[in-house]
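Pasting a structure below so you can have a look.
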Amino acid sequence: MEQVWQDIQYGFRMLWKSPTFALIAIITLALGIGANTAIFSIIYGTILKPLPYKDPDKLVHIQSYNPSEKFPPLIVTVPARYVGWRERNHVFENLAGRRESNFNLTIGEKAERVLGEQVTYNYFETLGINPIKGRFFSPDEDKPGNAQVIVLKENYWQDRFASDPNIIGKNLSIDNQIYTIIGIAPSDFRNNFNIYVPLALDLSKEIRGLHSLQVIGRLKAGVSISQAEAEIKTIAEGQVQEDPNVNTGWTVVLSPMHELVVKKVRPTLMILLFAVCLVLLIACANVANLILVRATIREKEVVIRTALGAGRMRLAQQFFTESVLLALLGGTLGILLANLIITVFVKWKLVLLPRMVDISINIPVLVFTLFVSISVGISLGLVPVVQASKISLSEIMKENGSTLTSWRTRRISSALVITEVALSLILLIGSGLLIRSFLKVQKVEPGFDPQNIWTSQFVMQGINYQTEQQNLNFEKSLIEKVSSLPGVESVAITTGIPLSGKYANIRFTVEGRPTDFGQVPFGPTADVTPDYFKVMKIPLLKGRLFTDQDRSDTKKVVIINQKMAEEYFPGQDPIGKRITRGAPDVNETPEWSEIVGVVGNVKVVELKDQDEIQIYYPAYQYAGEDISKNVFLAVRTSITPNSIATSTRQIIQKLDKDLPIFNTRTLEEVISDSLNYSRFLIILLSVFASVALLLAIVGIYGVISYSVAQRTHELGIRIALGAQTLDIMKMVLKEGMGLTCIGIIIGFVSSLGVTQLLKTALYEITTTDPITYIAIIVTLLLVALLAIYIPASRATNVDPMVALRRE
């Protein structure tokens with residue numbers, strides 16, 4: 001330990017004596033280690049950190065899956081199936097159901113929208129959550145018509161009610177009904193939701209066959225996921241016999257609860273982790289070059305210490321201590337940089353990731369950074385150790401000893417620079433492909449005109465919206481009053497806004513097609529008021545649009561899009577054909593709707609998605625259904641869209657003071673938000689690629705500058721013998737561009753394989769896109785040429801007399 005302490009003190013003294021070297025090396029390592037720390041903290045918070053529940057590895061989601069459907073397993077299921085699973089299984093301690101919901105909360109004169117869940121009484125017990133105050137729901141409270149009680153989230157209680165210690169027992173007005181607060185749930189539990197009410201499942205009021213309930217189970221001790229899946233599948237097979245129209249073709253898939261939380265973001269984060277690892281390797285190569293040059297300068301020190309009795313192990317210990325010390329200083333600065341990145345990322349919500357509140361610089365992240373720093377330090381320590389092992393007293397004392405050592409150093413430095421160029425090219429090509437793909441996505445026609453459209457969302461629920469006439473009166477009054485505002489061109493109400501992720505996928509049946517429920521297709525569906533297509537500027541291709549006369553007491557009508565017309569009525573005129581909402585029950589007469597119009601295709605979820613079938617129903621014909629109450633207001637204006645926001649809020653408040661609006665934004669912002677994940681990946685990967693390019697160029701510049709400095713004597717002789725300025729310039733440029741080209745060739749070949757990781761993230765562009773490769777390679781060559789030109793220009797200014805006299 002005494003020797004280690006001596007080595008640490010000596011290491012600090014050596015760094016203090018070489019401040020330029022120390023500063024450049026520490027900053028370079030900080031960039032690499034800091035980037036890795038930031039990405040790892042995001043990965044740990046979202047993917048690696050266990051869910052905040054008791055024995056989270058025993059929690060699973062039960063998903064419904066129909067192999068004949070084009071859709072992947074659904075995270076929701078039919079409530080009736082859940083009841084059967086809960087009553088008949090022997091593999092779960094608890095099986096709970098949940099349904100996300102928005103609630104209108106009124107406190108005093110102010111109404112606000114609160115995101116919450118309807119849950120079964122055993123929901124908290126299934127997750128292993130205990131209340132921090134009060135209690136959770138009882139079985140009796142989870143029955144239709146029983147007590148109206150509510151549980152608040154801890155952070156919501158703290159922020160909205162100032163941590164009122166007497167909150168238990170107080171009442172709240174939720175959807176114009178009085179609920180009693182009975183408990184407080186901890187903040188680290190399901191971060192996105194603020195209130196919970198009993199589900200009070202009533203199968204007689206559920207839409208038959210509608211997948212609307214998420215099911216979470218806690219496995220019994222000793223039961224594996226495969227065993228549980230086998231039993232639930234057996235139960236599901238029995239349910240087919242009980243209700244073939246609803247259950248035919250459906251089975252189940254069990255997934256760990258943690259898997260469903262992180263499944264969507266894992267590929268993106270893995271790509272970013274790979275990218276920052278490349279950045280760290282480039283940073284290490286850069287610092288290794290600096291250490292290599294410094295080791296050459298310290299050759300005589302090594303020889304003297306060896307002559308005084310220092311063994312190779314003692315020298316190795318010293319060099320490793322210095323390099324680890326350097327890496328730890330870089331890691332410390334890297335933590336500060338990573339903390340800044342994470343703070344900005346979380347505070348500004350650059351992209352919405354699951355479990356955002358769990359992203360921070362915590363103990364596991366610090367341990368990771370320490371491990372990376374020490375590993376980097378040990379790796380860098382190998383450079384001077386290997387260099388010192390090849391130094392002998394006789395060689396260093398010879399006249400040409402320094403020349404031999406310099407040649408060896410230049411060879412290693414050249415290999416490091418080639419590595420930097422190759423790795424930076426991989427990152428640059430990856431970011432280039434994503435940028436090209438993103439630009440193509442942005443040029444995709446969405447099927448509507450998003451300019452000058454302001455949207456907001458509200459939910460008509462509670463005692464003021466129990467009848468069809470109440471809903472109709474409110475919608476018509478709202479449209480009429482908003483239409484009278486200055487600058488408003490047209491107004492519509494709809495249950496789905498394109499690219500917002502808010503469309504409902506509902507089954508439909510085409511007259512004359514098989515009616516077996518298991519084979520009835522899904523399709524994005526929206527209930528719209530007559531002016532919806534005018535607001536969105538969706539073209540009418542055939543037939544007519546909806547009118548105010550399309551009400552519940554008139555003939556049922558429907559409008560389909562071009563994709564559905566081509567797929568279900570090829571070579572036919574779809575006008576006059578009939579479809580029904582949902583699947584017709586074999587024991588009932590289906591309620592058919594006549595197709596009266598065909599409109600253009602609209603992108604539903606993402607711009608890069610293929611066109612899919614869409615169905616539009618007249619909102620006034622379905623105003624009494626629950627599914628038609630969660631709606632959007634869409635307003636096309638001739639002025640700045642956001643300028644009508646305040647006036648529209650006031651109109652809604654006058655119509656119903658207890659009805660809050662939320663998700664207020666322009667349709668252009670909706671489109672922008674739909675590209676958040678792609679934009680997030682592009683920005684970070686481009687930043688990392690830029691850092692990698694900068695480090696690679698600095699590395700090229702440093703190596704060529706060192707080479708010129710070491711070859712001063714040679715250059716002086718060449719100039720003295722008549723070499724022209726252009727000859728010297730060509731010689732230096734040839735050396736630098738030779739290294740660059742070798743790195744580019746290696747990087748190009750490597751990119752052909754590595755970019756396959758981006759295949760699913762690209763749109764209408766291949767991983768071998770020639771335009772991207774050519775543009776990136778030419779850019780890298782030009783930048784490298786500029787970096788090489790500076791030392792090359794300096795080489796032409798060597799005075800032969802001064803160079804020879806110095807030798």
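Express the carbon and sulfur contribution to the solvent-accessible surface of the range 499-580 as a percent, rounded to the nearest whole number, probe 1.4 angstrom.
Here carbon and sulfur together make up 46 percent of the probe-accessible area.
Rounded, prolate or oblate: which fits the range 625-706 when a ≥ b ≥ c are the square roots of the eigenvalues of the alpha-carbon gyration tensor, with rounded for a/c under 1.5 and prolate only if a/b beats b/c? Walk me through the numbers on the way to the answer.
Numbers: a/c = 4.97, a/b = 3.45, b/c = 1.44.
Prolate, because a/c is 1.5 or more and a/b exceeds b/c.
Could you grab the relative contact order for the chain? Cα pairs under 8 Å, six or more apart, rounded to a whole percent. It would help to have the intermediate numbers written out before the result.
Details: 1401 pairs, mean separation 135.0, N = 807.
The value is 17 percent.
Between GLU301 and GLN9, what FRET efficiency comes out of the Förster formula 1/(1 + (r/R0)^6) with R0 = 25 Å and r the beta carbon distance, rounded to 0.05?
Using R0 = 25 Å, I get an efficiency of 0.95.
Then there's this: Compute the length gained on full extension between ARG88 and ARG544: take 0.36 nm times their separation in residues and subtract their Cα-Cα distance, giving the result in nm to one decimal.
Extra length from ARG88 to ARG544 when fully extended: 159.1 nm.
Okay, next question. Please list, by residue number, every one of the trypsin sites (Lys or Arg not before Pro) in the range 1-88 that is coil in DSSP and has at most 12 other beta-carbon atoms within 10 Å. Don't skip to the answer; put the middle values down first.
Numbers: sites: ARG13, LYS17, LYS54, LYS58, LYS70, ARG81, ARG86, ARG88; in loops: LYS54, LYS70.
Passing both the DSSP loop test and the Cβ count: LYS70.
Let me ask another. Would you pull out the residues with amide H under 5 Å of THR666's amide H, same chain only if 5 or more places away, H placed 1.01 Å from N?
Distant-sequence amide H within range of THR666: THR455.
With θ set to phi - 60°, apply the Karplus curve 6.51 cos²θ - 1.76 cosθ + 1.60 along the range 567-579 and write out the HN-Hα couplings as whole Hz, x wherever there is a Gly or Pro.
With coefficients 6.51, -1.76 and 1.60, one gets 7, 9, 9, x, x, 10, 8, x, 4, x, 5, 10, 9 Hz.
Return the subset of LYS49/LYS440; LYS49/LYS153; LYS49/LYS110 for which the Cα-Cα distance in this structure is over 31 Å, preserving the input order. Please list the in-between numbers first.
Details: LYS49/LYS440 36 Å; LYS49/LYS153 21 Å; LYS49/LYS110 38 Å.
Result: LYS49/LYS440; LYS49/LYS110 exceed 31 Å.
Count neighbours as other Cβ atoms within 10 Å of each site's Cβ, and list the GluC sites (Glu not before Pro) in the range 83-181 that are DSSP loop with at most 14 such neighbours.
Here the sparse-neighbourhood loop sites are GLU109.
Right, something else. Projecting each Cα onto the charge dipole of the chain (Lys/Arg +1, Asp/Glu -1 at the beta carbon, about the Cα centre), which of TYR123, ALA723, LEU428 comes out farthest on the positive side?
About the Cα centre, the residue reaching furthest to the positive side is ALA723.
Based on the Cβ-Cβ distance of ILE207 and SER690, what FRET efficiency does E = 1/(1 + (r/R0)^6) give at R0 = 60 Å, to the nearest 0.05?
Numbers: r = 52 Å, r/R0 = 0.87.
The formula returns an efficiency of 0.70 here.
Same structure again: Under 14 Å from the Cα of LYS563, which aspartates and glutamates turn up, not counting those fewer than eight places away in the same chain?
Filter leaves ASP573, ASP609, ASP611, GLU612.
Tell me, what ³J(HN,Hα) does each residue in the range 445-456 have, in order and in whole Hz, if you take phi through Karplus 6.51 cos²θ - 1.76 cosθ + 1.60 with θ = phi - 60° and put x for Gly and Pro?
6, x, x, 8, 9, x, 6, 6, 10, 9, 10, 8
As an exercise, identify the trypsin sites (Lys or Arg not before Pro) in the range 425-524 lying in DSSP coil whose Cβ has no more than 11 other Cβ atoms within 10 Å. Provide the component values of the computation, followed by the final result.
Values: sites: ARG436, LYS440, LYS443, LYS476, LYS481, LYS502, ARG507; in loops: LYS443, LYS502.
Here the sparse-neighbourhood loop sites are LYS443.
Shifting gears a bit: Taking 0.36 nm per residue of separation and subtracting the Cα-Cα distance, what length does fully extending LYS17 through ARG679 add? Could you put the intermediate results ahead of the total?
On the way: separation 662, 0.36 × 662 = 238.32 nm, distance 4.46 nm.
Extra length available between LYS17 and ARG679 comes to 233.9 nm.
Here's a follow-up. Hey, which of these cross-link pairs are over 23 Å Cα-Cα: LYS143/LYS263; LYS534/LYS654; LYS542/LYS603; LYS263/LYS759; LYS205/LYS629; LYS476/LYS654?
On the way: LYS143/LYS263 34 Å; LYS534/LYS654 26 Å; LYS542/LYS603 20 Å; LYS263/LYS759 17 Å; LYS205/LYS629 16 Å; LYS476/LYS654 14 Å.
Over 23 Å apart, Cα to Cα: LYS143/LYS263; LYS534/LYS654.
Something else: Given axes a ≥ b ≥ c from the Cα gyration tensor, I'd like to know whether the range 145-195 is rounded (a/c under 1.5), prolate (a/b larger than b/c) or oblate.
Working: a/c = 1.91, a/b = 1.45, b/c = 1.32.
Because a/c hits 1.5 or more and a/b exceeds b/c, the range 145-195 counts as prolate.
Rounded, prolate or oblate: which fits the chain, taking a ≥ b ≥ c as square roots of the Cα gyration tensor eigenvalues, rounded meaning a/c under 1.5, else prolate when a/b beats b/c?
prolate
What number, rounded to the nearest 500 deg cm²/dmol, is the helix-based mean residue ellipticity at 222 nm of the chain, given -39500 (n - 2.57) per DSSP H run of at least four residues and division by all its residues?
-16500 deg cm²/dmol
So what is the relative contact order of the range 679-807, in percent, for Cα pairs below 8 Å that sit 6 or more residues apart?
Details: 78 pairs, mean separation 64.4, N = 129.
Relative contact order of the range 679-807: 50 percent.
Applying the Karplus parametrisation 6.51 cos²θ - 1.76 cosθ + 1.60 with θ = phi - 60° to the phi angles of the range 4-19, what ³J(HN,Hα) value in whole Hz is obtained for each residue in order, glycine and proline being reported as x?
4, 4, 4, 5, 5, 4, 5, x, 5, 5, 5, 5, 5, 6, 10, x
Something else: Return the whole-Å distance between the Cα centroid of the range 547-561 and the Cα centroid of the range 102-136.
Each part's Cα centre sits 38 Å from the other's.
The values are calculated or read from the model by the stated rules, or taken from the named source; none is laboratory data. From a predicted model like this one, the values you see are computed outputs, not experimental measurements. Please note: Cβ atoms are built from the backbone with ideal geometry, for glycine as well, and neighbour counts cover all protein chains shown. With ligands, DNA and RNA removed, areas are computed over all heavy atoms of the protein, side chains included. Shrake-Rupley method; radii C 1.70, N 1.55, O 1.52, S 1.80 Å.
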